[in-house]
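The values are calculated or read from the model by the stated rules, or taken from the named source; none is laboratory data. All of these numbers come straight from a predicted model, not from anything done at the bench. We place every Cβ from the backbone using ideal geometry, glycine too, and count neighbours over all the protein chains shown. We work out accessible area using only protein heavy atoms, side chains counted, and drop any ligands, DNA or RNA first. Shrake-Rupley method; radii C 1.70, N 1.55, O 1.52, S 1.80 Å.
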Amino acid sequence: MTKITSPAQSRRFASPAVRTVLRRRVQESIGLVLALAALALAVALVTHDPGDPSLNTATDRATRNLTGPAGAIASDVLLQGFGVAAWLPVAAALAWAWRLATHRGLGLVALRLIGLLLALPLGAAAAVLLPLAGLVSLPGGAIGPPVATFVVEGLESGFGSFGAVVGQAAVGLGALGAFLLGCGLSGREWRGAGRVAVDGARVAGNAAA
């Protein structure tokens, strides 16, 4: 005779400790997926070739991007649209992966997504205002220039040179604030990441020497 387990017995079986362990394993798995996605996107951006088949490039040649056709399309959309700000999703995904893998959680996921979506155009606009034109082609992509123009020239028309300075500061601070909101890292975590980056750069410099 088959024994039927009641809902109450199921709840007793799935004790708070068991549910906590399961929740942590799920968070770690999602964190791993996000880290791999960030790595794949980084490779796609690094190996981007404007001649690859994409949404705005029709060609029969083989895709040279190391992440294949999907990576070629993603890198083309991000770099053509947002310039150097295309790297913000990589950083945000790594931050999310870290938060999940260390069981800190993401807080309000909607806030993280909103922050990232705002950081992309604002970051592109900030890149236009920085002296990157001689170092990077399309530093702000197609979206950065109109956003920067709208904010800076809009304030300049009302407040003159002071308005232009305020507009530039607003774009930069807005991009930074939106990016921090999107990542969701605490001040201590940012300091830890900074120390890791400095130590890594130091090790790389010593190895090169």
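Brief remarks follow.
- Against the chain, whose longest principal axis comes from its Cα atoms, helix 88-101 is set at around 20 degrees.
- Degrees separating the helix 109-129 axis from the principal Cα axis of the chain, which is the longest one: 20 degrees
- For the chain, a crude dipole built from +1 on the beta carbon of Lys and Arg and -1 on the beta carbon of Asp and Glu, taken about the Cα centre, is about 1560 debye to the nearest 20.
- Excluding ligands, DNA and RNA, the accessible surface per residue across the chain is 61 Å² with a 1.4 Å probe.
- Pairwise label distance in nanometres, THR149 with TRP190, each label 7 Å out on the Cα-Cβ vector: 3.2 nm
- Computed log10 I(q)/I(0) for segment 10-66 at 0.15, 0.16, 0.17 Å⁻¹: -0.62, -0.65, -0.68, from the Debye equation with unit scatterers placed on every C-alpha and solvent omitted.
- For SER54, the residues whose amide H sits under 5 Å from its own are THR59, ignoring neighbours fewer than 5 places away on the same chain, with H placed 1.01 Å from N.
- Along its three principal directions, the equivalent ellipsoid of segment 122-188 from the Cα gyration tensor extends over semi-axes of 22, 17, 10 Å, largest first.
- Dipole of the chain computed with +1 at Lys/Arg Cβ and -1 at Asp/Glu Cβ about the Cα centre; of LEU45, GLY71, GLY194, farthest Cα towards the positive end is GLY194.
- Share of Cα-Cα pairs in segment 91-152 lying beyond 14 Å, as whole percent: 63 percent
- A viscosity of 1.306 mPa s and a temperature of 10 °C, combined with the Kirkwood radius over C-alpha pairs in the Stokes-Einstein formula, give segment 90-209 a diffusion coefficient of 98 µm²/s.
- Scattering curve values for the chain, log₁₀ I(q)/I(0), Debye with Cα scatterers, q = 0.08, 0.12, 0.16 Å⁻¹: -0.41, -0.79, -1.17
- Phi-derived couplings, Karplus 6.51 cos²θ - 1.76 cosθ + 1.60 at θ = phi - 60°, listed residue by residue for segment 175-188: 5, 5, x, 5, 5, 5, 4, x, 6, x, 7, 7, x, 5 Hz, with x used for Gly and Pro.
- Sum of -39500 (n - 2.57) over DSSP H runs of 4+, divided by residues of the chain (222 nm, nearest 500): -25000 deg cm²/dmol
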